[in-house]
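In what follows, a single structure is set out as C-alpha cells and then discussed.
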Amino acid sequence: AKKVQHTPYCLFSKDMRQQLSYLHEIEESLHRAVREKEFQVHYQPQYSLHSLKLVGAEALVRWPRSDRMVSPCEFIPLAEKFGLISAIGEFVFETAARQLQAWSHCKIELPRVAINTSSTQLLAGNFGDVVERILQENQLTANRIDIEVTESVMMKNIERNGNNENANCLSTLQEKGLEISIDDFGTGYSSLSYIKHLNVDRIKIDKSFIDDIEFNKEARSIVRAIIKMGHSLGMKVLAEGIETPNQLDILKALECDEGQGYLFSKPLDAAKFEMKCLSA
Ligand code: C2E
Ligand code: CA
Ligand code: CA
C-alpha cells in the first residue's frame, strides 16, 4: 500500500505571508477608496472618422493615491475579487452621467458617454434599476449612454439567458434605448455566433489590431473583415488606440465609422476635456 505522506502544518511560507498581508492592505485601501469616493473619472473623446466631429467620450476610472495614479488594469481585477466592482462601476456611471448633464449647458454638446461594465455588475440583477435611476436623476435620455461589454461578458449573458428570459440584461438595456458596444473586439476566445443573438450597436476593434494595421497585411485584412461584417449586420465600427495619422488614413479608407486614441487625445479629467474638446 502507498504510504500517506503527512505534510507539516506549514502552508504559508514567509513569502506567501508577505504577499497575503500586501493583498490585505490593498483590500483595505480599496474599501476605503469606495467609501470615501476617492476615484476619479477621466474622459477620452471619440470621433467620427468621416466628419472628425466629436461623437462621444469613454469614461475611464482613475485611482489617485499619494504616490501615484494606480492603473485600472491593476485595481479592477482586485476590485472584482473583493466584491467592490459594482460599487466602483456605479460611481463611474453616476459621475459620468452627472458630468454629461452638466456639459449639456455647454455650447457644443457631447452626444454620448461610454461606460465600461464588468460581468458582476451587469449580471447583478438590479443593473436595469440602477440605469433607470441614474438616467432619471440626471434627466438624460437613454440614447446618451453607451454600455461597453466585453465578448466574454456577452457570452455569459447569453448562457444565462438560456435558463431565464428575465436575466437577459443586455436586451433589457437595449429596449430601454441604451446603446451597447462590444469592447476589445477580436481578443476574446468566444465564438462569433453570439453576435447574431444580440444585435449590438457598435463593435470596438481592439487596439492590438490597430497597432499592426500599418505594417502587417494580415492585421489590415482582419480589420477590413470586421468592418465589413459590422456594417452588413447594421453595426457601427469604432477603432481603439489610433496613434498615428497613417493608421487614421488606413481606417478611413476602410470606411471605419469612429475612432479614439492618443492621436486625437489621451483620456482627460473633466476640466481638461472641457477645454480641449467642448470649447470649439
Ligand atoms: P479599455 O476599456 O480597453 O480602455 C481603453 C484603454 O486604452 C484605456 O486604458 C485608455 O487610456 C487606453 N488607450 C486609449 N487610447 C490609447 C492609445 O492610443 N494608445 C494607448 N497605448 N492606450 C490607449 P485605461 O484607462 O488604463 O483602462 C484600462 C482598462 O481598465 C480599460 O480598458 C477597461 O477594461 C478597464 N476600466 C477602466 N475604467 C473602468 C470602469 O469604470 N469599469 C470597468 N469595469 N473597467 C474599467
Ligand atoms: Ca472600454
Ligand atoms: Ca477596449
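Since every read-out is calculated from the coordinates, none of them should be taken as a lab result. Every value quoted in this text rests on a predicted model; they were computed, and no experiment measured them. Backbone-built Cβ (ideal geometry, glycine too); neighbour counts: all protein chains shown.
Some observations on this one:
- For the chain, the residue among Ala96, Tyr22, Leu173 whose Cα projects farthest onto the positive side of the dipole built from Cβ charges is Tyr22.
- Ignoring lysines fewer than eight residues from Lys14 along the same chain, the ones with Cα atoms less than 24 angstrom from its Cα are Lys81.
- Overall form of region 142-280 per C-alpha gyration tensor (a/c, 1.5; a/b vs b/c): oblate
- Vicinal HN-Hα couplings computed from phi for region 73-82 (Karplus, 6.51 cos²θ - 1.76 cosθ + 1.60; Hz; Gly/Pro x): 4, 7, 9, 4, x, 5, 4, 4, 4, 8
- Over the residues of the chain, the helix contribution to mean residue ellipticity at 222 nm works out to -13500 deg cm²/dmol, using -39500 (n - 2.57) for each DSSP H run of at least 4.
- A simple rule links phi to the HN-Hα coupling: the Karplus curve 6.51 cos²θ - 1.76 cosθ + 1.60 with θ = phi - 60°, which for region 189-202 gives 9, 7, 7, 6, 5, 5, 4, 7, 5, 9, 7, 6, 8, 8 Hz, with x for Gly and Pro.
- Dipole of the chain, positive end: most advanced residue of Pro72, Met154, Leu122 [Cβ charges, Cα centre]: Pro72
- Sequence-distant residues sharing a close amide H with Lys236 (under 5 Å, placed H): Arg202, Ile203
- Filter on Lys204/Lys272; Lys156/Lys217; Lys176/Lys236; Lys53/Lys252; Lys156/Lys266; Lys228/Lys276 - keep pairs with C-alpha separation over 22 Å: Lys204/Lys272; Lys156/Lys217; Lys156/Lys266; Lys228/Lys276
- Considering only trypsin sites (Lys or Arg not before Pro) in DSSP loops that have at most 15 other Cβ atoms within 10 Å, the longest stretch of the chain without any of them is 108-280.
- Cβ-based exposure ranking for His24, His231, in which fewest neighbours within 10 Å come first: His24, His231
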